[in-house]
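Below is one structure, written out as structure tokens; the observations come after it.
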Amino acid sequence: MNFKQLAKAAILRGVGYSGAEWLRDRVWAAQNRLPAAILSFHRVTDEIPEDALTISTARFRWILRLLHEHYSVLSLTELLDCLQKKQLWPRRAVAITFDDGYRDNFEVAAPILAEYRMPATFFVATGLLGTERVMFWDEHLRGRVAWMEWEHVRELHRQGFEIGSHTVHHADLGRLSAAEAWVELTASKAELEDKLGVEVSLFAYPFGQPGNITEENRALVHKAGYRCCCSSYGGFVQLSDNLYRLQRLPLNNWYATPDELHFELRQIAPQFWRKRKKRQRGHESHEPPG
């Protein structure tokens with residue numbers, strides 16, 4: 001362990017043994033300020049090196065083991081229900097999500113999730129499924145990564161996992177006109193509903209940073225019939241958050257030890273959402289309903 005890792009571990013143990021974290025969470029719960037985290041993954045595989053989008057099966061297993069032992073894992077729908085009803089979630093609540101539609105989501109991640117009986121949501125870009133398209137960020141991995149087929153997505157649904165939209169072509173909604181965004185939003189939703197035979201109401205916008213969706217296109221997410229709009233930064237939500245401005249915590253090889261992830265989820269969560277709350281005050285006048 002390096003010094004930073006040792007320091008985080010020491011803080012965790014000190015706060016945990018002192019009872020300060022438990023007391024803090026009791027106070028937050030009484031004030032309806034208890035944070036939850038929506039976690040986002042992309043790839044789980046041992047076939048390529050770990051990077052910002054890829055984690056090994058061993059790392060994924062210890063993350064799920066840690067969540068199983070120390071956290072309350074909810075489906076994204078359960079978390080949204082809490083938000084809509086203003087009903088506080090359990091202490092240390094997290095939801096698990098995946099983006100894009102990589103084949104290892106079905107072949108590797110889903111079986112491990114099933115072992116731990118954990119719910120998860122898979123946001124898929126419908127236009128990539130069953131193709132050999134190589135995205136620009138994967139050019140160096142050409143021929144080494146693959147997309148799911150539609151049968152894989154249907155099987156995930158049959159197994160009880162949630163399926164959501166990630167547009168048709170993994171589109172940057174910060175660059176598209178309203179007319180172009182509307183096609184990406186409605187066509188992906190329609191195809192998912194046709195292939196799965198159920199309503200699809202969950203949405204995460206590609207790339208996921210603040211500049212990757214315009215306010216006009218965010219409003220279209222609501223108009224298209226989606227229940228939420230998830231980003232891919234920040235990571236923490238609270239009961240007062242708008243469903244069309246939900247942040248997520250990306251998980252990758254940055255977290256080398258369980259203590260580092262514990263520290264992120266249990267110690268610095270409030271700093272993130274306090275800062276975010278200040279930033280969001282300027283958006284209140286044009287928020288979609290939530």
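The values are calculated or read from the model by the stated rules, or taken from the named source; none is laboratory data. Note that this is a predicted model, so its numbers are computed, not measured. Cβ coordinates were reconstructed from backbone atoms using ideal geometry, including for glycine residues, and neighbour counts include every protein chain displayed. Only protein heavy atoms, including side chains, enter the accessible area calculation; ligands, DNA and RNA are left aside. Shrake-Rupley method; radii C 1.70, N 1.55, O 1.52, S 1.80 Å.
Things worth noting here:
- Selection status of PHE236, at pLDDT 70 or above, surrounded by 18 or more Cβ atoms within 10 Å (Cβ to Cβ), in contact with a Lys or Arg (Cβ under 9 Å, 6 or more places away or on another chain) and hydrophobic (A, V, I, L, M, F, W, C): yes
- Filtered by the rule that a residue be in a helix (DSSP H, G or I), small (Gly, Ala, Ser) and open to solvent by 50 Å² or more (accessible area, probe 1.4 Å), the stretch 174-206 gives ALA179, ALA190.
- Looking at ASP104, ASP81, ASP100, just one residue is open to solvent by 40 Å² or more (accessible area, probe 1.4 Å) and either out of contact with any Phe, Trp or Tyr (no Cβ under 7 Å at 6 or more places or on another chain) or of a type in the set (Val, Ile, Thr) (or both), and that residue is ASP81.
- The residue pairs whose first member lies in the stretch 210-227 and is free of Cβ contacts under 8 Å to residues at least 60 places away in the same chain, whose second member is of a type in the set (S, T, N, Q) and outside any helix (DSSP H, G or I), and whose beta carbons are closer than 7 Å, counting only pairs six or more residues apart or on different chains, are GLY225/SER201.
- Any chance ILE63 is within 15 Å of the chain's Cα centre (by Cα) and either free of Cβ contacts under 8 Å to residues at least 24 places away in the same chain or not in a helix (DSSP H, G or I) (or both): no
- Odd one out for THR126 among (1) open to solvent by 10 Å² or more (accessible area, probe 1.4 Å); (2) part of a loop (DSSP other than H, G, I, E, B); (3) farther than 30 Å from LEU34 by Cβ: (1)
- Residue that is most open to solvent (accessible area, probe 1.4 Å) [pool: residues in the stretch 18-48 that are modelled with pLDDT under 95 and assigned to a loop (DSSP other than H, G, I, E, B)]: GLN31
- Residue match in the stretch 207-220 (condition: within 12 Å of THR167 (Cα to Cα), out of contact with any Cys (no Cβ under 8 Å at 6 or more places or on another chain), open to solvent by 60 Å² or more (accessible area, probe 1.4 Å) and not in a helix (DSSP H, G or I)): yes
- Some residue of the stretch 129-136 being surrounded by fewer than 17 Cβ atoms within 10 Å (Cβ to Cβ) and of a type in the set (Phe, Trp, Tyr): yes
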